[in-house]
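S.K.: Here's a structure for you.
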Amino acid sequence: MFAKKALVGLSLLVAAGTLAACGGSSDKSGTANGKTEITFWAAPNPTQVKYWKQMASDFEKANKDITVKVTQMKESPSSEATIQSAIASGTAPTMSENITRSFAAQLAQSKAIVSLNKDAETKSALTSIVDSRDMAKTIDGWKFSDGGQYVVPLYSNPMLFGWRLDMLKDLGIKSVPKTYSDVMNVAKALKAKNSKSVVWALPTGADPTAWQRWFDFFPLYDAASDGQAFVTGKKLVADSKAGKEVFDFVQELHQSGNLLTSKATDPFETKLAVMNIIGSWTFPNWKEKYPDLEYGKNYTLTAPVVPDSMKDAKNVKTYADAKGIVVYAKATTAQKKAAMKFMQFVFKDAKNDLSFLKTTSLLPARDDAATNKEFTSYFEANPYMKPYAENVPNAIPAMDNADYNDIQEKLGKDGWIPALKGEKSPAKAWSDMIASIKGSL
Amino acid sequence: MNKRNDKLGFAFTAPYIIFTTIFFLLPLLWSIWLAFTNWNLISPDIQNVGLGNFIDALKSPAIHAAFFVTYKFLLVFVPLAVVLSMIIAVLVHGLPKFKGLYLVAFFLPYLSSGVVTSLIVKGFLSYNGPLNTWLRNRFDVNIDWLGSPNTALFVVSFMIAWKMSGYYALILISGLESINDEIYEAAMMDGASNRTIFWKITVPMMYPSLYTVLILAVGVSFGIFTEVYQLTGGGPNYATNTWQMEIYNQAFVNLKSGYASAIAILASIVTFMSISVIRKLIEKWGHHYGWN
C-alpha cells in the first residue's frame, strides 16, 4: 500500500519537475554580452531562410551591437500553429515573416504583436521603411480597421489569370478574353469543336477549406468589385452586385460543362484547360516539368476577368497572396528598436529586394516593383514576372478579421460552392452566405 | 516475497506510469480545463465560459455532420477492413510455404505514410489520371471520385482498409492457427461443406482475434484524419468531415483551442460509448458460441 502511494507521489513529482524544466527561459532584457539579441523566424522555405541569413550576416557586420539569429519556422502542423505554440510557451521570436494579414488580425486581437505605427519604439522607423522602400500604396491595403499597421508587407504575389495562347489560336480566338462574355465565347468555341478540353479546371473549386477561396473567389471578386473589401473589422461590407455577378459567371461556366471541379493534375500545363489562376511560385516548377511553356508564345498572363460592364476598366484589382513581417509583443524595448533597425537596413536598398526576388521568385511588396531600374535586368531575363510586378499595386491582401477562417468557410459552404455547382441561384447563394457570415461577426 | 514482488512490479511499471502521467494524464487534465475557457493559447486574457464551448459544439452543424460522417466511415470501413484482412489471413494460412514473406508483403502498407499514399491516390483518381482516362476512353464515363460525397467516403475507407488489413491479418492468422486441425477433420467426416466449416467453426473459433480486430477497426474509424485532410479537406460539402478534422480546424486553423478541447472531449465520450456498445454486441455474439 505504501509502495503504491510512494510510486504515485514519485510520478507526480517527476512530472512536475519535468514540466518545470521544460518551461521557457528567455532572457527578459534581450541582451547578452552587451549586445542586443533578436531572433528572426524565416518562412519554412529554404530560399527565404537563405536570404534572411545573408541579410542578418550583412546587418551584423554594420551593427556590431546587435545579433540577429535567423531560424526556419516549423510547420507542425502549420506555421500558424507553430507560432501559436511558441507564443503560448513563451518561446516566440522577436520577429517573423510569413504572416498573412488575416493571421495578423488573429494575433493582433490577442495582443500578441506590436502595432508598428502606434508603438513609440517602432513608428518612426516604420515611416522610414515605407518611404525608403516606396511602399505607401502597397502598405495602405494592409491597414487594419483599428488604424493599426501591424505588418510590414514583405512580398505580394498578385493572382493572375493564365491563358493558353496556343489553344485560343486553335479555337480561332484572336484576343485574350477580358470579360465574362469573352470567356463564354471560348466555352462556345470549345463546344463547337467537340473539344475534350475545358475553359477552366478548378479542382479546389468545391473544396470547403477556407484558404482555397483566396485562389478562386477572391481574385474574381476583387476584380468585379474594384477592390471593395469583403469584411472590414467586424463589418460585412461586400459589394453584393459584384459578388452575385461572380457567382452567376461561375455557375454559367460550370453549367456549360467548362468549369471542371474534379481533381486534375496540371490541367493548364497539359492543355486540359484554356485558363487557370497562376501564382508566381509556379514558374520554378514549370522550368523543370514543362520547359516548353514560354511566356508570350504558348501562354500569357492577365488580370482576372471582369463583368461585361467593366470591359474598359484599367488597373483591374486582384487578390494578393501576400505576407509580411511582424514584431511580437513580448519583445523588449531594445529588441523592438533592433528589429526595426534590421528592417530599415534590409529595405533601404532596392538591391536587397532584387536579391530577395532572385533567391525566392517572390515579388517584393513595393509600388515601383515593375519600374525600379534595379529590377530591369531581372524582368528581361524573366519576362513572365513583369505582369506580376505591374499588378502589385492592384493586389488586395486578405481580410483583417480574426475569424477569417470561419467567414471564408461559410463563404465557400453557403455561397461559392452551391452557386458554382448550380445547387442555388446566384442571388440565393449570396443572400444565404451573407446571413451565415453575419452570424460570425 | 510478496512485498518484494510488489516492489519489483512497481519498479518495472514506473517508467510507463511516469511517461503516461507526463504525456497523457497531465495534458488530458489541462485539456479539460481549457475546454471551459475561451483561451486561444496566445491571448493574455483567459475567460471562463463554463459549458459554453460544449453547448456551441452540440449546436454546431459542422459537429453534427462530423458525428454522422464518423458513423458512416464506421459502417463502411470496419466491414471492409475485416473482410479484406480475413481474406488475406485465410489465403496466407492456406499457403504451403513462404507464409512469412507474404505476411510481410501484406503488412507493408501499414508502414506506409498516409500522406504519401494519399498523394498517389489523388493523382491516380484525378480527372486526367490513369483510371478516369481509361474509363472515359473505354466507357465514356467520368467519375469525380473525390468530388462526390459517396465515392469520396468509399475511397477514403478503402484506402485506410488497404493500409490496415495487413496488420489485422497478422492478428487473424494467429487465431486461425490456434484452431486444431482435428476439429476440421471431424467436421469433414460429418459431411460439412467448406462454407459451413468456415461460418460455423472457423469464424466462431476465431472470436478472440476477431474481437481484437473489430475493436481496433472501430477505434481507427473514430480517428480518421490524415487521408481526409490530404484527399478531400473534409469535403465535398463536409461529406468526409470527421471529428478529428473538426478538432484540427478549430484548434490550429481558427485558433479556438478551448472550443477544440471541448469538441475533443465530446468526441472521446462518443467514442467510448460507441466502443462500449459495440463491445457488448461482440461479446454477446461470442457468448452465443460459448466464449466468456
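The values are calculated or read from the model by the stated rules, or taken from the named source; none is laboratory data. Every value quoted in this text rests on a predicted model; they were computed, and no experiment measured them. Counting neighbours? That spans all protein chains shown, and the Cβs are built from the backbone with ideal geometry, glycine included. Accessible surface areas use protein heavy atoms only, side chains included; no ligands, DNA or RNA. Shrake-Rupley method; radii C 1.70, N 1.55, O 1.52, S 1.80 Å.
S.K.: I'd like the full set of residues that are closer than 17 Å to A:ASP321 by Cα, of a type outside the set (S, T, N, Q) and in contact with a Leu (Cβ under 8 Å, 6 or more places away or on another chain), limited to the range A:280-309.
M.R.: Matches in the range A:280-309: A:TRP281, A:LEU301, A:ALA303, A:PRO304.
S.K.: Here is a further query. Please state which one of B:LEU84, B:LEU108, B:LEU101 is within 20 Å of B:TRP162 (Cβ to Cβ), without any contact (Cβ under 8 Å) to a residue 40 or more places away in the chain and assigned to a helix (DSSP H, G or I). Explain how you work it out, then say what you get.
M.R.: On the way: B:LEU84 fails: without any contact (Cβ under 8 Å) to a residue 40 or more places away in the chain; B:LEU108 fails: without any contact (Cβ under 8 Å) to a residue 40 or more places away in the chain.
Answer to the check: B:LEU101.
S.K.: Still on this structure, please answer the following. Just to be sure before I move on: is A:ASP207 in a loop (DSSP other than H, G, I, E, B), crowded, with 17+ Cβ neighbours inside 10 Å and either on the phi < 0 side of the Ramachandran plot or within 14 Å of chain B (Cβ to nearest Cβ) (or both) in the structure I sent?
M.R.: Numbers: in a loop (DSSP other than H, G, I, E, B): yes; crowded, with 17+ Cβ neighbours inside 10 Å: yes; either on the phi < 0 side of the Ramachandran plot or within 14 Å of chain B (Cβ to nearest Cβ) (or both): yes.
For A:ASP207, the condition - in a loop (DSSP other than H, G, I, E, B), crowded, with 17+ Cβ neighbours inside 10 Å and either on the phi < 0 side of the Ramachandran plot or within 14 Å of chain B (Cβ to nearest Cβ) (or both) - is met.
S.K.: Identify, please: which residue in the range B:1-48 is in a loop (DSSP other than H, G, I, E, B) and at pLDDT 95 or above and is, among those, nearest to the chain's Cα centre (by Cα)? Spell out how you get there, then give the answer.
M.R.: Within the range B:1-48, the subset in a loop (DSSP other than H, G, I, E, B) is B:1, B:35-36, B:38-47.
Still in the list and also at pLDDT 95 or above: B:35-36.
On the way: B:ALA35: 25, B:PHE36: 29 Å.
So, considering only residues that are in a loop (DSSP other than H, G, I, E, B) and at pLDDT 95 or above, the one nearest to the chain's Cα centre (by Cα) is B:ALA35.
S.K.: Scan the range A:286-298 and give yes if some residue there is open to solvent by 10 Å² or more (accessible area, probe 1.4 Å), among the aromatic types (Phe, Trp, Tyr), more than 23 Å from the chain's Cα centre (by Cα) and more than 24 Å from A:VAL130 (Cα to Cα), otherwise no.
M.R.: Yes, the conditions are met somewhere in the range A:286-298.
Matching residues to (1) at pLDDT 95 or above; (2) part of a loop (DSSP other than H, G, I, E, B); (3) under 21 Å from A:PRO208 (Cβ atoms):
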| residue | (1), (2), (3) |
| --- | --- |
| A:ASP226 | yes, yes, no |
| A:ALA238 | yes, yes, yes |
| A:LYS241 | yes, no, no |
| A:PHE249 | yes, no, yes |
| A:ASP266 | no, yes, no |
| A:ASN276 | yes, no, yes |
| A:SER280 | no, yes, no |
| A:PHE283 | no, no, no |
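S.K.: Regarding the range B:234-241, can at least one residue be identified that is in a helix (DSSP H, G or I) and either more than 20 Å from B:SER157 (Cβ to Cβ) or aliphatic (A, V, I, L, M) (or both)? Steps first, please.
M.R.: If we filter the range B:234-241 for residues that are in a helix (DSSP H, G or I), which is where we start, we get none.
Within the range B:234-241 (the criterion being in a helix (DSSP H, G or I) and either more than 20 Å from B:SER157 (Cβ to Cβ) or aliphatic (A, V, I, L, M) (or both)), the answer is no, since none of the residues qualifies.
S.K.: For the range A:76-148, which fully contained helices (runs of 4 or more DSSP H) count at least 2 residues that are farther than 21 Å from A:MET55 by Cα and without any contact (Cβ under 8 Å) to a residue 12 or more places away in the chain? Spell out how you get there, then give the answer.
M.R.: Working: elements: A:79-89, A:101-109, A:123-132, A:136-140.
So the answer is A:79-89, A:123-132.
S.K.: Restricting attention to the range A:149-158, which residues are of a type in the set (A, V, I, L, M, F, W, C) and either over 26 Å from A:LYS234 (Cβ atoms) or part of a strand (DSSP E or B) (or both)? Steps first, answer last, please.
M.R.: Narrowing the range A:149-158 to residues of a type in the set (A, V, I, L, M, F, W, C): A:151-152, A:154.
Residues satisfying the conditions are A:VAL152, A:LEU154.
S.K.: What are the pairs, 6+ residues apart or on separate chains, where a residue within the range B:199-219 that is under 28 Å from B:PHE272 (Cβ atoms) has its Cβ under 6 Å from a residue that is at pLDDT 95 or above and of a type in the set (Phe, Trp, Tyr)?
M.R.: As it stands, the answer is B:VAL213/B:TYR168, since those pairs meet every condition given.
S.K.: Please verify whether A:GLN228 is open to solvent by 10 Å² or more (accessible area, probe 1.4 Å) and under 20 Å from A:GLY422 (Cβ atoms), treating the condition exactly as stated.
M.R.: Details: open to solvent by 10 Å² or more (accessible area, probe 1.4 Å): yes; under 20 Å from A:GLY422 (Cβ atoms): no.
It is false that A:GLN228 is open to solvent by 10 Å² or more (accessible area, probe 1.4 Å) and under 20 Å from A:GLY422 (Cβ atoms).
S.K.: With respect to the numbered conditions (1) over 22 Å from the mean Cα position of the chain (by Cα); (2) under 18 Å from A:GLN228 (Cβ atoms), which one is the sole condition not fulfilled by A:ALA395?
M.R.: A:ALA395 satisfies every listed condition except (1).
S.K.: Within the range A:135-162, track down each residue that is touching a Ser or Thr at 6+ places or on another chain (Cβ under 9 Å), crowded, with 22+ Cβ neighbours inside 10 Å and among the aromatic types (Phe, Trp, Tyr).
M.R.: Of everything in the range A:135-162, those that are touching a Ser or Thr at 6+ places or on another chain (Cβ under 9 Å), crowded, with 22+ Cβ neighbours inside 10 Å and among the aromatic types (Phe, Trp, Tyr) turn out to be A:TYR150, A:TYR155, A:PHE161.
S.K.: Here's a follow-up. Residue check: is A:TRP281 farther than 15 Å from A:PHE161 by Cα and under 21 Å from the mean Cα position of the chain (by Cα)? Give the derivation first.
M.R.: Numbers: farther than 15 Å from A:PHE161 by Cα: no; under 21 Å from the mean Cα position of the chain (by Cα): yes.
No; evaluated as a whole, the condition is false for this residue.
S.K.: For the range B:145-155, which positions are at pLDDT below 90 and either of a type in the set (Asp, Glu) or open to solvent by 30 Å² or more (accessible area, probe 1.4 Å) (or both)?
M.R.: Selection gives B:SER148, B:PRO149, B:ASN150.
S.K.: Go through the residues of the range A:312-328 one by one and say whether even a single one is out of contact with any Lys or Arg (no Cβ under 6 Å at 6 or more places or on another chain), in a helix (DSSP H, G or I) and in contact (Cβ under 8 Å) with a residue 60 or more places away in the chain.
M.R.: Scanning the range A:312-328 turns up no residue that is out of contact with any Lys or Arg (no Cβ under 6 Å at 6 or more places or on another chain), in a helix (DSSP H, G or I) and in contact (Cβ under 8 Å) with a residue 60 or more places away in the chain.
S.K.: Here's another thing I want to ask about it. Within the range B:24-78, which residues are open to solvent by 50 Å² or more (accessible area, probe 1.4 Å), of a type in the set (Phe, Trp, Tyr) and more than 30 Å from B:PRO149 (Cβ to Cβ)?
M.R.: If the condition is that a residue be open to solvent by 50 Å² or more (accessible area, probe 1.4 Å), of a type in the set (Phe, Trp, Tyr) and more than 30 Å from B:PRO149 (Cβ to Cβ), then B:PHE24, B:TRP30, B:TRP33, B:PHE36 are the ones that fit.
S.K.: From the residues in the range B:181-204 that are open to solvent by 70 Å² or more (accessible area, probe 1.4 Å) and within 30 Å of the chain's Cα centre (by Cα), which one is farthest from B:VAL90 (Cα to Cα)? Spell out how you get there, then give the answer.
M.R.: Applying the first criterion (open to solvent by 70 Å² or more (accessible area, probe 1.4 Å)) to the range B:181-204 yields B:181-182, B:185, B:188-190, B:194-195, B:199-200.
Among the residues that remain, those that are also within 30 Å of the chain's Cα centre (by Cα) are: B:195, B:199-200.
Values: B:ARG195: 13, B:TRP199: 13, B:LYS200: 15 Å.
Checking each candidate, the answer is B:LYS200.
S.K.: So, one more: Would you mind listing the helices (runs of 4 or more DSSP H) fully within the range A:329-441 where at least 2 residues are within 30 Å of B:SER60 (Cα to Cα)? Spell out the reasoning first.
M.R.: Numbers: elements: A:333-347, A:350-360, A:376-381, A:386-390, A:404-410, A:417-421, A:426-438.
Ranges flagged: A:404-410, A:417-421, A:426-438.
S.K.: Also, quick follow-up: Looking at B:ASN142, B:ASN128, B:ASN132, can you tell me which residue is at pLDDT 90 or above and farther than 30 Å from B:THR212 by Cα? Walk me through it before giving the result.
M.R.: Numbers: B:ASN142 fails: at pLDDT 90 or above; B:ASN128 fails: at pLDDT 90 or above.
Of the residues listed, the single one that is at pLDDT 90 or above and farther than 30 Å from B:THR212 by Cα is B:ASN132.
S.K.: Here is a follow-up. For the range B:247-260, how many residues are more than 12 Å from every other protein chain (Cβ to nearest Cβ) and over 19 Å from A:SER110 (Cα atoms)?
M.R.: Step one: filter the range B:247-260 for residues more than 12 Å from every other protein chain (Cβ to nearest Cβ), giving B:258.
Right, trim to over 19 Å from A:SER110 (Cα atoms) and you get none.
Within the range B:247-260, residues that are more than 12 Å from every other protein chain (Cβ to nearest Cβ) and over 19 Å from A:SER110 (Cα atoms) number 0.
S.K.: Residues that are within 14 Å of chain A (Cβ to nearest Cβ): which helices (runs of 4 or more DSSP H) entirely in the range B:144-228 hold 3 or more of them? Let's see the steps before the verdict.
M.R.: Details: elements: B:149-177, B:181-189, B:194-197, B:207-221.
Ranges flagged: B:149-177.
S.K.: Being out of contact with any Pro (no Cβ under 6 Å at 6 or more places or on another chain), among the aliphatic types (A, V, I, L, M) and within 30 Å of A:SER79 (Cβ to Cβ) is the requirement here; does A:ALA303 meet it? Walk me through it before giving the result.
M.R.: Working: out of contact with any Pro (no Cβ under 6 Å at 6 or more places or on another chain): yes; among the aliphatic types (A, V, I, L, M): yes; within 30 Å of A:SER79 (Cβ to Cβ): yes.
For A:ALA303, the condition - out of contact with any Pro (no Cβ under 6 Å at 6 or more places or on another chain), among the aliphatic types (A, V, I, L, M) and within 30 Å of A:SER79 (Cβ to Cβ) - is met.
S.K.: What pairs can you find where one residue is in the range B:250-277 and assigned to a helix (DSSP H, G or I), the other is among the β-branched types (Val, Ile, Thr), and their Cβ atoms are less than 6 Å apart, with a gap of 6+ or different chains?
M.R.: Filtered contacts from the range B:250-277: B:GLY258/B:THR37; B:ALA260/B:ILE247; B:ILE263/B:ILE247; B:ALA264/B:ILE247; B:ILE275/B:VAL218.
S.K.: If you check A:LEU165 against the conditions, is it out of contact with any helix residue (DSSP H, G or I) (no Cβ under 6 Å at 6 or more places or on another chain) and more than 17 Å from A:MET343 (Cα to Cα)? Outline the logic, then answer.
M.R.: Values: out of contact with any helix residue (DSSP H, G or I) (no Cβ under 6 Å at 6 or more places or on another chain): yes; more than 17 Å from A:MET343 (Cα to Cα): yes.
Here the answer is yes, as A:LEU165 does meet what is asked.
S.K.: Tell me, please, whether a residue that is within 11 Å of chain B (Cβ to nearest Cβ), out of contact with any Phe, Trp or Tyr (no Cβ under 9 Å at 6 or more places or on another chain) and open to solvent by 30 Å² or more (accessible area, probe 1.4 Å) can be found in the range A:109-120. It would help to see each step written out before you state the result.
M.R.: From the range A:109-120, those within 11 Å of chain B (Cβ to nearest Cβ) are A:109-113; that's our starting set.
Pick out the ones that are also out of contact with any Phe, Trp or Tyr (no Cβ under 9 Å at 6 or more places or on another chain) and you get A:109-111.
Cutting the leftovers down to open to solvent by 30 Å² or more (accessible area, probe 1.4 Å) gives us A:109, A:111.
So far as the range A:109-120 goes, yes, one or more of its residues are within 11 Å of chain B (Cβ to nearest Cβ), out of contact with any Phe, Trp or Tyr (no Cβ under 9 Å at 6 or more places or on another chain) and open to solvent by 30 Å² or more (accessible area, probe 1.4 Å).
The rows are residues; the columns are (1) modelled with pLDDT of 95 or more; (2) assigned to a loop (DSSP other than H, G, I, E, B); (3) touching a strand residue (DSSP E or B) at 6+ places or on another chain (Cβ under 9 Å).
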| position | (1), (2), (3) |
| --- | --- |
| A:TRP163 | yes, no, yes |
| A:LYS174 | no, yes, no |
| A:ASN185 | yes, no, no |
| A:LYS188 | yes, no, no |
| A:PRO203 | no, yes, yes |
